[in-house]
1. For segment 331-402 and segment 221-298, what is the centre-to-centre distance using only Cα atoms, to the nearest Å?
2. Note the angle between two axes, namely the Cα long axis of helix 46-74 and the longest principal axis of the Cα atoms of the chain, as a number of degrees from 0 to 90, rounded to the nearest 10.
3. Mind jotting down the distance between the C-alpha centroids of segment 136-179 and segment 42-115, whole Å?
4. What are the ³J(HN,Hα) couplings of segment 32-37, residue after residue, when phi is run through the Karplus curve with 6.51, -1.76, 1.60 and θ = phi - 60°? Round to Hz, x for glycine and proline.
5. Highest mean first, how do 344-357, 373-386, 310-323 rank when packing is the count of other Cβ atoms within 10 Å averaged over residues?
6. Relative to the longest principal Cα axis of the chain, at what angle does helix 174-185 sit, 0 to 90 degrees, rounded to 10?
7. Please list 3J(HN,Hα) in residue order for segment 375-389, calculated via the Karplus relation 6.51 cos²θ - 1.76 cosθ + 1.60 where θ = phi - 60°; whole Hz, with x for glycine and proline.
8. How much length would be gained if the chain were fully extended between E38 and A372, taking 0.36 nm per residue of separation minus their Cα-Cα distance, in nm to one decimal?
Amino acid sequence: MKQPNPNSLSTKATLLLASTLTVMSGATIAPSLPAMQEHFAGAGNVALWVRLVLTVPALFIVIGSPIAGLIADRLGRKPLLAVSAALYGIAGGSGLVLDSLPAILCGRALLGLAVAGVMVSATTLIADYYTGPARASFMGLQAAFMGLGGVLFLTTGGYLADLNWRLPFLIYLFSWLLLPMIVLFIFEGSRHNPDPSVLAEQKTSSAPAPVGLMVLVYGTAMLAQIIFYLVPVQLPFYLKSLTNAGAAESGLAIAFLNFFSGFASIAYGKIKQRLAFIRILNLSLGLYGIGYCIIGFAGSYGWIVAGLAIAGLGLGLLMPNLTVWLSGEVPVAIRGRALGGLTTFMFLGQFLSPVFSQPLSQQVGLPVTYSAAGGLLLLLALALLGMKQQVMAWVASPAKTP
């Protein structure tokens, strides 16, 4: 029987295309929000509820990710990915036909559970299949596909939303096209990967878990996503008030962030060969913060797009850096659960974003909100730069493997 090959083009393509589903889960319908708010104008507190349509999947990703991590470690990555992709199409496409905010929110909740399964299984499979520079390069490529997939889905979603706010929900059916590829080209890396370097890494499963690193990675991921989701949640309204931009212009602006994020992620593997994890963390937080400060002080559509591009460069380095750092340090026996924890905190940040940003923006305005977020990121980058030795000693602190 032919041995499975993780380096085959078909396996790589399946993993990369599956990874784009995580971007689609929320931001694809961001350009629809103003029109959706008008459609449900009679509902109480409609501004908050419509924003929750965008972010409620994140809450259920938070709930589902630890379970998905346990399933991935105990029952296997491939079945989790296949079942999650099937549910994704059903739940994501439900917005085409449902005609009440509570019903749409229920569909979005199921979508969140599906995304948890897709993200945990796909990322864990990549960590299983590859090690060292190959893992860094492929996880950078994964992040790039997520970013560039966002360009396609957001731009398409913006144009579809101008026709009808429901039409962007069609894009979620893309997951069903991936099901045959998952069945044919994905295999359980932890049991079948013949790569000697992977087999050697799997023998370290009794090593202690790096609790300090896990706290740093999880906390940074949550904060990064709280700030990132100021863009899909609030930017359409910010642009509408500033330049009277429509859904297509909002989708294009948000896509700029994803495009430059993808560009940076493609370069991540080469950057990692030259810089340590902590240095890349400094660089990414700095770029991210500068971009948001520009958005906050912008007076035109062009300056906002420029700020989004710079922020995208930072985000494109940040997320693969956190994932590769964590994947290489946690024991193989708990890798699914550790990456499930990363997914949990990422999407907890996305869910909490409107909870924090809506009251703040109502009090001080969106320009100040974006500027404050950028300033916080810059302060963190400077703090990490000045306390490098202390941070590195702390992240090396272990705990017993559960």
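1. Cα centroid to Cα centroid, the span is 15 Å.
2. Compared with the principal axis, the helix lies near 10 degrees.
3. Cα centroid to Cα centroid, the span is 16 Å.
4. Result, rounded to whole Hz: 7, 4, x, 5, 5, 5.
5. 310-323, 344-357, 373-386
6. The two axes meet at around 10 degrees.
7. x, 4, 4, 5, 5, 5, 4, 5, 5, 5, 5, x, 10, 4, 5
8. My answer for the length gained is 117.3 nm.
Every number here is computed from the coordinates shown, using simple stated rules; none is lab data. Everything quoted here is computed from the prediction, not taken from an experiment. Every residue, glycine as well, gets a Cβ built from its backbone with ideal geometry; the counts of neighbours run over all protein chains shown.
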